[in-house]
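Quick note: the coordinates plus some simple rules give every number you see, no bench work behind them. Remember, predicted model here, so these are calculated numbers, not experimental data. Using ideal geometry, Cβ is built from the backbone for each residue, glycine included, and neighbour counts are taken over all protein chains shown.
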Amino acid sequence: MTKRINTFSLLLLCASLTLCISCGTSSIAGGAGTGNPGKTTFAIIAQDTTPAISLGKATDVTDIIIPDSINTFFNVTSSFIIVKRIHFIYNPEDKPDAMTLIPPLRIDNESVVLEGPFTFNTLTGISDSLLGFVLLPDANYTGVRIVIENKPNKNSIFLSGTFRHQNIDYPFRFDLSLNVTVNYDHNSQVYISGTDSTDIKVVLDASKWLSNINIGNCISSQPSPFDSNGTFVLNGKITEGVCAEIPRKINENIIKSGRLKVKQVKIKKAP
């Protein structure tokens, strides 16, 4: 399944994956993050509220609170997405020379490819694989493609925290299977070069993740969604009843909530 979402805005947003990519064909050098020429950060984040972060720089954990359709509020304290592969899609007229690529980057017919898998913590902006700097070739780029895929022993979407229902607090855990390729495109292409500082981020609007979902109907249904510890669990194992379709709807909402944001700082070359 492939979905395409068109959006572009030159705004700074919070980094969820601290993946630093230096742009151009010059040698690796310097520090990470905004303000350093030629460095590009890539991120996936659940909310657009905090500034980008640099490689290895800690950031405060910020919980997110999301409502369902009847305003049952879920306080999300843990949120992860597994991405198997990231594609930086270039303008076909600007296909980079494969000889300019430095591993782990490779090139296909329409993108510069970075292999994972990466586990994105969408609350903190930290990935389980901090990569150091690689060189993204000079080119006009039109968007990114992310391949979300389960690991052999782990589903690709995970949310947990607490929620309040009828004045009682419950823990919840959503452990959801999702294998999908998604394009997040620019409205206009962006030229990335070794003299630019660029932040590229996918923002997944968490406020939309439970849209058109009534958790209350599932809570009181049979088979019960609560495990032996009293945790409300959605993991796809309930295959009939009102709870059965909720995992699919959450997955779709997460993907549809995404938009691409980019900010560049152009660095003037010395005369």
- Look through Asp128, Asp138, Asp108, Asp185 and report the one residue that is among the charged types (D, E, K, R), surrounded by fewer than 17 Cβ atoms within 10 Å (Cβ to Cβ) and touching a Ser or Thr at 6+ places or on another chain (Cβ under 9 Å). Asp128
- Note on the structure: Ile238: passes all of (1) in a loop (DSSP other than H, G, I, E, B); (2) surrounded by fewer than 20 Cβ atoms within 10 Å (Cβ to Cβ); (3) among the β-branched types (Val, Ile, Thr); (4) touching a residue at least 12 places away in the same chain (Cβ under 8 Å) but (2)
- Regarding Lys208, is this residue surrounded by 20 or more Cβ atoms within 10 Å (Cβ to Cβ) and basic (Lys, Arg)? no
- Query: When you go through (1) touching an Asp or Glu at 6+ places or on another chain (Cβ under 7 Å); (2) not in a strand (DSSP E or B) one by one for Ser211, which number turns out not to apply?
  - Reply: (1)
